[in-house]
1. How big is the antiparallel share of DSSP beta bridges in chain B, given as a percent to the nearest 5?
2. Under a point-charge model restricted to the Cβ atoms of Lys and Arg (+1) and Asp and Glu (-1), what is the dipole moment magnitude of chain B relative to its Cα centre, in debye to the nearest 20?
3. What number do you get for region A:229-323 when its Cα radius of gyration is normalised by 2.2 N^0.38 Å, N = residues?
4. Loop only per DSSP, at most 14 neighbouring Cβ atoms within 10 Å: give me the GluC sites (Glu not before Pro) in region A:1-109, ordered by residue number.
5. Pulled fully out, how much extra length does the chain show between residue B:619 and residue B:269, if you take 0.36 nm times their separation in residues and subtract their Cα-Cα distance?
6. Could you give the spread of the C-alpha atoms of the protein assembly as shown along their three principal axes, from largest to smallest, in whole angstroms?
7. As an exercise, use a Förster radius of 45 Å and the Cβ-Cβ distance of residue B:138 and residue B:163 to find the FRET efficiency, rounded to the nearest 0.05.
8. Would you mind working out the magnitude of the charge dipole of region B:584-686 relative to its Cα centre, with +1 at each Lys and Arg C-beta and -1 at each Asp and Glu C-beta, to the nearest 20 Debye?
Amino acid sequence: MGPVELLHMSVFSQSFSPCGRFLAAGNNYGEIAVFSLSAALSPDASEASQKPILNFTAHDGPVFSLLSTDTHLLSAGNGEISAWSWAELIKKSTKAAWTRKPSYETSLEIPEINAMIINPKDNSLIVGGGDNNIHIMDMETGIFKSVLKGHTDYIHCLCFKEREEEILSGGEDGAVRIWDARTNRPVHCIEVFKYEECARPQFGKWISCLATDSDWMLCGGGPSLSLWHLRSMSPTSVFPLPGCQREAVFYQDLIMSVGEGPHVSHCLHGGTVKAQIPCTPSSLNTLALNLKNSEHRVMTVGGSSHQIDVFTNFSYRAFSLSF
Amino acid sequence: MRTQITSSATVMSSDAVKKRKPKVIRSEAGAPETKRGRAEGDQDVRVYNEEVELEVRDPQQDYMLYKDTCAALAKLMEEIQELKAGGAKVQSVEIEERRTQCSVHFITLKKLNRLAHMRLKKGRDQTHEAKQRVDVLHLQLQNLLYEVMHLQKEIGKCLEFRSQHEEIELVSEEEFFQEAPAEISRPHVTRDDQHQLTLARLDWELEQRKRLAEQYKMSLARKEKIQKAIEQKREYLSSLQPGLQNIMQASLPVQEYLAIPFEHMQKQAEVARHLPPPLYVLLVQAGAYGQACDKNLSVSISGDVDEAKALSRPPEDSQDDESDSDAEEEQQNTKRRRATLGVQLDDKRKEMLRRHPLSLCVDLKCKDGSVLHLFFYYLMNLNILTVKTKVSTTTDLSGAVSAGELLNSESLLNCLYASDHGKETPNPANRYQFDKVGITTFGDYVSDLGHPFVWVQKLGGLQFSSGGAQSGLTGSALSASHMERTMKLLRGRLQARLALHKQFSSLEHSIIPVSSECQHLFPAKVVSGLVRWTTMSCQEFTELGFVQHVLKAGLVHETDLFFMATVERGTARLRAAVVMNPRYPEVAPLFSLSLHWKGERSGRTDDNLQAMESEVNVFRSELQGPRPGLQLLTNQIQRLCVCLDVYLETESQVCDGSEGPKEFPREKMCLRTARGPSRLKPFKYNHPQGFFSHR
């Protein structure tokens, strides 16, 4: 990676290890870098500890999604999913445990995979991507058991509601679809851009971020980031954030979201934007919270830069890891 | 009286008849003559010799006689006295008798007195004689003692005598007995006698020396002969010289006819002898390289040979100082206020920066006829080489305004090797020399004296420790190891610049020259067009808002060239700020984009513009074109135009929400217009299918 390549690098995905001491990040060149949080957060951290302990090329295309199970790191490349054992990665071994491809209909251009979630109830992996469909794979056998069709454009983001066992998907076509995981049938379809309070036609209609917390749902993208009450299927608050949001999470009583613009937005449920914390990248793609490890409780964000900002106190940027 | 005494003595002692001795000791002058005469005449006459009598009389008896006589005399005197007292007459017989007795007694007394005197005298004489004898003996003793001492001294001197023969180193005895012939060594004698042995050895030494002297004379004579022979031969050779010259002259036309510039090379070799060592190394290596590998390289020497000759002689002040413009620059740099000191400093500076009168000119010819002239100079006191350049082309190059800096001789050779700026002297010792004369940086003099690039030093075989990895080579080996690469780089640089020159003149006319080999990289129809191509200064570049990320990443240097390209389509205007490293095309130009269309966006705010930047910056290897990759820049600009087309045609949003006619109808074939979380557009062109896809 020369300095010119670093200049044009974008980080698209992040995932913390099960123990919470390591962070894996994927970029647009198809590389995955593993950082040691314990080294970077230790009192005698140096510049070298902000560099990855392991950096390897995992896929041909960009790594748009990373997901950690209890033992493995799952990464999504151009139409394929690879699994890497965390234990092996920590030992700097870059051999994939397995690589699986969902079955695609078209073959001219391989569709990307934008989102992956795990259904813990039946241990299945749910992926959505460029072919407008949601594929569900059984983790034990590795067989793609079902395909959920319904979106008319590619899928940006996926979300899972555990209590009701429902899958939520947001796509480029502007619809948020809710699927029943047990029956694999569509339950609802919300076209967010049709709601006046949320719609922003100057940007577009796509939905690029989804998050749920019991009955609440966050969604945003072309339309403004809005908080929805799922029972009534209506937006309760709309957040006046200028850019298009790409990832949003519920954290305690805050909503944190990142997207276009070099800042992390802290918002309150009521619809006010409490704070906008500045970051290094000029626009952000991914936000991750390390809640598994109380010692290394950090928030990391990555975007159109080769640097990943680390927030130890969520109110300001502490330092940056760099590829 | 004497005569009287003699006769009386004769009278008194008639019994003693002695032979009269001629030797009568009475030494009165008159007497001896008389005595002698008488003695000779009267030998028969008996003469009474009282001295003889002296020997027979006994002194003791004489003493008794004297006492008796005195007593008798006293008695007689008494008697006379009595008689006279008794009234007798003076002439009485008794008194007369007594008087006569007294007179006799008086005569006896007189005789005794005489005898006493004579005895005394005799005794004295005897003593005197004995004394004399003792004295003589004493003298003899002294003499003998003196002689003894003298002899002892002489013996001592003899014993101490260091003969010269002891200073002569003689061969050892064994050698002597072995080597010397029998007549000299005479062993039967010398073995016993040390003296003879030494003599023999000395003889042998003498013999040997004589022999050696003989040999020496003979050798001298031989040497003389040989000297003469040499002299003769030398004369003969020098007599040949004019003949050879004539032949050389006569052969000149032949050389020209056959195109072997033998004479020329001889002349050059002659001049080359006066070159300073680094220039000589450069000449030799460049000439060798030219002959072996590169027919289009030629080397020649220019400058004043006489001055160079003058330099190699012991110091005489050369009056030819270097250019006056040096002095002008130094006037500006002078720190002192007082004129005299300033002038002194100026002179010292000029002296320090003096160039050797000879310089090398290396010409690199390219296929299209353009020539890169390199002039190499040697700064004597600083021990560094500098280079100046000139480009001569077959065609006139005045077309392009933006190309002004491309062939500027000041910057043409910048960074031939990475970070070799040629602004500072590579010789660390010069720092101390500069401090002495108040020169702060060498950069001030570079435009006049030439650039001291590190590769120039290496070509001249000069290696300065500068912290980088050092090869163990010096001198010619160092020069040779760098020659080929440097020449290739120089040629590449010239060709790249000339190509850019041509390209720029085309770009300024809003035509992007794409060669036939590169047509496959782009679709057939490209609507966006280049409208402006200008050059920028470093200052202007750093003030642009959308290039700050490049500056922060440290990818911009002062030695870079800066340009601004403007691509337009309809209402959309794309500005691209270009940073070109002098080592183009080894180092690709870096583009930063800013789009003005319905608002201002840049690569920082718009992910798609960043993707377009990636297309030209990151995927540059696709755009290099045929070797040596001189079309990189124009291909990059063409690709930008293509990407702008895609960008504008795939923008489906309309400002006010209403679906109106799009400004840019979709013409490009794309499978998908958005992909991935950042919804990137398809910028990658696929040949020959002709559609666009995502990376």
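1. Roughly 95 percent of the DSSP beta bridges within chain B come out antiparallel.
2. In debye, rounded to 20, chain B gives about 920.
3. Numbers: Rg = 13.6 Å, N = 95, 2.2 N^0.38 = 12.4 Å.
Dividing the Cα Rg of region A:229-323 by 2.2 N^0.38 Å gives 1.10.
4. Working: sites: A:5, A:31, A:47, A:80, A:88, A:105, A:109; in loops: A:80, A:105, A:109.
Those that pass, being in a loop and sparsely packed, are A:105.
5. Additional length available on full extension: 120.8 nm.
6. 233, 93, 78
7. Numbers: r = 41 Å, r/R0 = 0.91.
Result of the calculation: an efficiency of 0.65.
8. Magnitude of the dipole: close to 320 debye.
The values are calculated or read from the model by the stated rules, or taken from the named source; none is laboratory data. These numbers come from a predicted model, not from an experiment. Note that we place each Cβ from the backbone using ideal geometry, even for glycine, and neighbour counts take in every protein chain shown. The protein model used for the area step is the full one, side chains on, heavy atoms only, and it has no ligands, DNA or RNA in it. Shrake-Rupley method; radii C 1.70, N 1.55, O 1.52, S 1.80 Å.
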